[in-house]
Amino acid sequence: MSTFVLLLITGLGLGALYFLIASGLSLIYGLMGVLNFAHGSFLTLAAFAGFEVGRRVGISTWTGLFLSLLVGAVVGAVFAALTELLLIRPLYKRHIEQVLVTVGLSLATVALFEGIWGPDPIFMQASGWMRQTTDILGAPIPNDRFVSIAAALLVLGGLVLFLNKTRYGLIIRAGVENRAMVTALGIDVRKAFTLVFTIGGVAAGIGGVLASHYFGYVSPLLGGSLLIFAFIVTVIGGMGSLAGAAIASVLVAVLQQFANFYLGVGDLIVVLLLAVVLLVRPQGLLGKAAA
Amino acid sequence: MSALLTVKNLRATVAGQQVVEDVSFEVPATGVTAVLGRNGVGKSSTLKGILGLYDRTGEVTFDGARIDREPTHRIVQSGIAYVPEDREVFTMLTVEENLTLAARQAQPRWDFVHALFPELAQRAKQRAGTLSGGQQQMVSLARALINDNRLLMVDEPTKGLAPKIVNEVGEALAEASTSVPILLVEQNLKVIKRLADRVVVIDAGRVVHTGPAGELLDDPDRIQRLLGVSTEAHDTREAHP
Ligand SMILES: Nc1ncnc2c1ncn2[C@@H]1O[C@H](COP(=O)(O)OP(=O)(O)O)[C@@H](O)[C@H]1O
Ligand SMILES: [Mg+2]
């Protein structure tokens with residue numbers, strides 16, 4: 001029983017990280033039709049920024065944690081917004097070039113991060129509450145899992161409110177369905193593009209800091225390795241669907257944990273799940289069918 | 001009287017294919033100008049070219065200002081409302097959200113729109129995707145009429161609708177045309193007879209005839225030649241299944 005609980009909650013913690021990345025990916029793709037390969041770089045830079053803050057303020061203190069999350073979110077947001085404004089926007093309506101530029105950016109930034117922080121993982125010398133465990137039904141759960149889950153739920157709740165209660169949320173929901181018609185109503189949809197990038201950057205930034213706690217290290221490859229699974233989550237959930245991303249994040253991560261523990265083939269199971277979804281329901285769990 | 005909209009040598013391409021060859025015509029500042037032509041001749045593409053939804057070259061002047069290099073949202077903001085073929089409502093949004101999204105001015109014309117289409121007020125919270133075709137057309141028209149516009153461009157608003165709804169849509173357009181000029185693509189000759197003051201006939205991506213509506217509509221041979229239908233058929237689509 002305690003193993004089950006441990007695997008489940010660890011899976012939920014990992015799912016939370018996937019969601020923090022996949023939510024932005026899915027919104028960006030849904031609205032703009034751009035697969036953003038640079039998304040992992042937003043996460044990695046935020047993780048390093050959070051790490052630098054933690055190193056100075058005290059990585060094991062509450063202040064250090066909150067400050068690093070805040071800085072991570074801001075760094076993710078600024079990086080993402082600049083990416084959209086400087087690289088994506090000039091290539092408006094040229095989707096292939098837009099995707100290629102994000103691929104280029106992700107490669108270049110990994111090299112840049114290696115130049116600054118070195119190619120090897122830097123393990124975090126954290127102690128304190130985040131490193132301790134809490135017993136749930138006899139299972140010792142690392143506390144950072146709870147923080148990740150709470151952060152993902154907050155981001156999910158915030159996004160739902162934003163999408164349903166604000167004018168920009170309305171524009172984004174409409175744009176995911178029919179971007180051309182939004183412009184034909186006299187709305188400059190490019191502002192919404194910058195906005196979804198920025199929002200995606202905030203979520204990825206928070207995810208980056210939390211990922212460094214989850215794995216216990218920061219590395220230039222941190223974002224890239226998570227991005228692969230976040231892409232899979234996005235496809236399984238349905239491109240452009242926030243709820244789909246949330247459900248698929250949990251599904252993929254929990255399945256991965258259990259398959260890893262009992263069979264040792266977590267990643268393989270995820271790829272198989274992807275294949276099954278693509279065969280049976282190519283638009284993903286909650287995606288709209290291609291017209 | 002000088003024209004409100006002037007289209008000169010418009011060419012439009014989409015997906016690397018030229019879909020409007022060379023279209024020139026004018027839309028005066030009052031009444032209904034109908035664009036006619038068989039299926040696939042480029043009527044919808046002409047509207048999309050004017051709006052910049054398709055890549056285009058040529059000169060488009062609206063109220064004295066060139067708009068052929070402006071992005072779509074600016075053109076619409078300058079006062080050209082667009083009701084697309086096949087309605088293109090946002091199916092996942094409610095009726096109210098569709099209209100709220102479209103409303104750009106400080107005082108949107110909710111009362112006017114709800115007086116014109118009372119059903120939309122009753123169905124405000126209903127998802128547009130669950131509406132009938134006729135109701136979706138009302139949403140699409142209401143999205144345009146909720147703002148004060150200087151020109152309406154409406155593309156086949158009666159396509160695929162039951163005769164009773166066709167009349168309602170015709171009624172709404174007649175009402176709207178008293179306060180705003182309309183550029184109307186339409187294949188239903190009955191609707192054209194009722195609404196149109198002038199006609200522009202397009203064939204193979206070019207304008208082949210322009211003139212007063214009555215003159216063409218009273219000349220069955222000309223209709224037969226230009227549109228490929230006899231006047232006995234009320235709807236050109238019936239002649240071209
Ligand atoms: N998005 C598009 N992609 C490819 N071909 C198109 C597209 N839109 C229009 N066309 C082509 O352009 C021509 C004119 O189409 P359209 O303007 O829709 O005609 P109409 O409205 O007069 O029926 C047709 O041959 C049509 O197949
Ligand atoms: Mg058409």
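Observations on the model:
- Checking each residue in region B:149-163 for being more than 14 Å from chain A (Cβ to nearest Cβ) and more than 16 Å from ligand 1 (Cβ to nearest atom) picks out B:Leu161, B:Ala162, B:Pro163.
- Within region B:11-44, the set of residues being without any contact (Cβ under 8 Å) to a residue 60 or more places away in the chain and among the small types (Gly, Ala, Ser) comprises B:Ala12, B:Ala15, B:Gly16, B:Gly40.
- For region B:166-217, filtered to residues that are of a type in the set (S, T, N, Q) and touching a residue at least 40 places away in the same chain (Cβ under 8 Å), the residue that is farthest from B:Glu85 (Cα to Cα) is B:Thr210.
- Inclusion of B:Val27 among residues that are surrounded by 22 or more Cβ atoms within 10 Å (Cβ to Cβ), under 18 Å from the mean Cα position of the chain (by Cα) and away from ligand 2 (no atom under 16 Å from the Cβ) is warranted.
- B:Tyr82 passes every criterion in (1) within 8 Å of another protein chain (Cβ to nearest Cβ); (2) over 26 Å from B:Glu186 (Cβ atoms); (3) in contact (Cβ under 8 Å) with a residue 12 or more places away in the chain apart from (2).
- Meets criteria (away from chain B (no Cβ under 14 Å) and in contact (Cβ under 8 Å) with a residue 60 or more places away in the chain) for A:Val254: yes
- Checking each residue in region A:92-128 for being surrounded by 15 or more Cβ atoms within 10 Å (Cβ to Cβ) and at pLDDT below 90 picks out A:Met124, A:Ala126.
- Here B:Glu21 fits the description: farther than 22 Å from A:Asp188 by Cβ, modelled with pLDDT under 95 and away from every other protein chain (no Cβ under 14 Å).
- Residue in region B:131-138 that is at pLDDT 95 or above, within 14 Å of chain A (Cβ to nearest Cβ) and surrounded by fewer than 19 Cβ atoms within 10 Å (Cβ to Cβ) present: no
- Count - residues of region B:164-198 that are in a strand (DSSP E or B), of a type in the set (A, V, I, L, M) and within 16 Å of ligand 1 (Cβ to nearest atom): 3
- Residues in region A:19-33 that are farther than 14 Å from A:Leu195 by Cα and aliphatic (A, V, I, L, M): 3 in all.
- Residue satisfying condition, being within 14 Å of chain A (Cβ to nearest Cβ) and either surrounded by 15 or more Cβ atoms within 10 Å (Cβ to Cβ) or within 16 Å of ligand 2 (Cβ to nearest atom) (or both), within set B:Glu96, B:Glu186, B:Glu168: B:Glu96
- Residue list for region A:176-198, restricted to those being more than 10 Å from every other protein chain (Cβ to nearest Cβ), in contact (Cβ under 8 Å) with a residue 40 or more places away in the chain and closer than 15 Å to A:Ala81 by Cα: A:Ala192, A:Phe193, A:Thr194, A:Val196, A:Phe197, A:Thr198
- Identity of the residue in region B:26-52, of a type outside the set (Gly, Ala, Ser) and touching a Ser or Thr at 6+ places or on another chain (Cβ under 6 Å), that ends up farthest from the other protein chains (Cβ to nearest Cβ): B:Glu26
- For region B:135-157, a residue qualifies if it is within 16 Å of ligand 2 (Cβ to nearest atom) and in contact with a Lys or Arg (Cβ under 9 Å, 6 or more places away or on another chain), and the qualifying residues are B:Gln137, B:Ser140, B:Asp155, B:Glu156, B:Pro157.
- Residue match in region A:96-106 (condition: in a helix (DSSP H, G or I), more than 20 Å from the chain's Cα centre (by Cα) and of a type outside the set (A, V, I, L, M)): yes
- Filter pass, A:Leu156 being surrounded by fewer than 21 Cβ atoms within 10 Å (Cβ to Cβ), modelled with pLDDT of 95 or more, within 13 Å of the chain's Cα centre (by Cα) and away from chain B (no Cβ under 14 Å): yes
- Tally, over region A:248-291, of residues that are over 14 Å from the mean Cα position of the chain (by Cα), within 26 Å of A:Gly157 (Cα to Cα) and assigned to a helix (DSSP H, G or I): 5
- Residue list for region B:32-79, filter: more than 14 Å from ligand 2 (Cβ to nearest atom), among the hydrophobic types (A, V, I, L, M, F, W, C), surrounded by 16 or more Cβ atoms within 10 Å (Cβ to Cβ) and outside any loop (DSSP other than H, G, I, E, B): B:Val32, B:Val60, B:Phe62, B:Ile75, B:Val76
- The test for being part of a strand (DSSP E or B), away from ligand 2 (no atom under 16 Å from the Cβ), of a type in the set (A, V, I, L, M) and under 22 Å from A:Arg179 (Cβ atoms) does not hold for B:Ala12.
- Residues (β-branched (Val, Ile, Thr) and under 25 Å from B:Ala162 (Cβ atoms)) located in region B:93-145: B:Thr94, B:Val95, B:Val113, B:Thr130, B:Val139
- Test: A:Phe79 is in contact (Cβ under 8 Å) with a residue 12 or more places away in the chain, under 16 Å from the mean Cα position of the chain (by Cα) and surrounded by fewer than 22 Cβ atoms within 10 Å (Cβ to Cβ): no
- Some residue of region B:110-128 being modelled with pLDDT of 95 or more, within 12 Å of chain A (Cβ to nearest Cβ), surrounded by fewer than 22 Cβ atoms within 10 Å (Cβ to Cβ) and over 20 Å from B:Gln187 (Cβ atoms): yes
The values are calculated or read from the model by the stated rules, or taken from the named source; none is laboratory data. These numbers were taken from a predicted model, which means no experiment stands behind them. Methodologically, a virtual Cβ is constructed for each residue, glycine included, from the backbone with ideal geometry; neighbour enumeration extends over all protein chains shown.
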